[in-house]
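Just below is one structure, and these are the notes that go with it.
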Amino acid sequence: EEKAINSLVNLGVRGLILWPSPGKHYSNALLRLIIENYPLVLVDRYLTGIPSSSVCINNKMAAIELTNYMLELGHEHIAYLSPPTGGTSSLEDRLMGFHVAMAEKGVRIIPDTILQNMRSSLQECSSINLRELTIDENDRNEIKKLIENNPKITAFITSEYLVAVTLYEVLASLGKKVPEDY
């Protein structure tokens, strides 16, 4: 991210629309742009505590609506899968929305059914071609273990696309069908 920002600024680009890298540590180049009032719009994420322009969906509300939909379908044992939230506003807001919806409906969340250590999707930022992405074997194993240890789970909510793809591949490898089994 830092190299890309510096390269574009050095080329004379007069403004950037940027999808920031995940995490709680912001690159020096990004922070410099904000301090210098460089024309910048962040996409899908905002920088907590740092005034900058961003365009985001309401991730919290989206997660509330999705969780409510699953609950309305009769699912009470819902697993939540995500990369580490670690300062990434969109992931933090999605997880918060899941918790809010479950609490509002009085549905107890079993801590073992929340996985926040998916690593595969973190590679999205480093790969331009989605076909080059690889799914972390540890992610597959963690999902298999989650399913084996929690047979009451009937539904899953994933915070990102590649996490959903990984989940789907694991379910298929276990002979499970979507939406018939989950």
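The values are calculated or read from the model by the stated rules, or taken from the named source; none is laboratory data. None of these values were measured; they are calculated from a predicted model. Methodologically, a virtual Cβ is constructed for each residue, glycine included, from the backbone with ideal geometry; neighbour enumeration extends over all protein chains shown. For the accessible areas, the whole protein counts, side chains as well, though only heavy atoms, and no ligand, DNA or RNA atoms are used. Shrake-Rupley method; radii C 1.70, N 1.55, O 1.52, S 1.80 Å.
Residues considered: 102, 118, 61. Of these, the only one that is modelled with pLDDT of 95 or more and open to solvent by less than 60 Å² (accessible area, probe 1.4 Å) is 102.
Only one entry in 43, 13 is open to solvent by 40 Å² or more (accessible area, probe 1.4 Å) and out of contact with any Cys (no Cβ under 9 Å at 6 or more places or on another chain), namely 13.
Among residues of region 64-78 being in a loop (DSSP other than H, G, I, E, B) and not small (Gly, Ala, Ser), the one that is surrounded by the most Cβ atoms within 10 Å (Cβ to Cβ) is 75.
For the structure I just gave you, tell me whether residue 26 is modelled with pLDDT under 85 and touching a Pro at 6+ places or on another chain (Cβ under 8 Å). Spelling it out, residue 26 is indeed modelled with pLDDT under 85 and touching a Pro at 6+ places or on another chain (Cβ under 8 Å). So residue 30 clears everything in (1) part of a loop (DSSP other than H, G, I, E, B); (2) surrounded by 12 or more Cβ atoms within 10 Å (Cβ to Cβ); (3) in contact (Cβ under 8 Å) with a residue 12 or more places away in the chain except one condition, right? Which one? Of (1) part of a loop (DSSP other than H, G, I, E, B); (2) surrounded by 12 or more Cβ atoms within 10 Å (Cβ to Cβ); (3) in contact (Cβ under 8 Å) with a residue 12 or more places away in the chain, only one is false for residue 30: (1). The residue list 167, 174, 130 contains one member that is modelled with pLDDT of 90 or more and either within 28 Å of residue 53 (Cβ to Cβ) or open to solvent by less than 30 Å² (accessible area, probe 1.4 Å) (or both), which is 167. Is there a residue being assigned to a helix (DSSP H, G or I) and under 20 Å from residue 153 (Cβ atoms) anywhere in region 47-63? Scanning region 47-63, I find at least one residue that is assigned to a helix (DSSP H, G or I) and under 20 Å from residue 153 (Cβ atoms), so the answer is yes.
Within region 1-35, the residues that satisfy the criterion of being under 21 Å from residue 90 (Cβ atoms) and of a type in the set (S, T, N, Q) are 21, 27. Taken together, the residues in region 151-161 that are part of a helix (DSSP H, G or I) and open to solvent by less than 10 Å² (accessible area, probe 1.4 Å) amount to 0.
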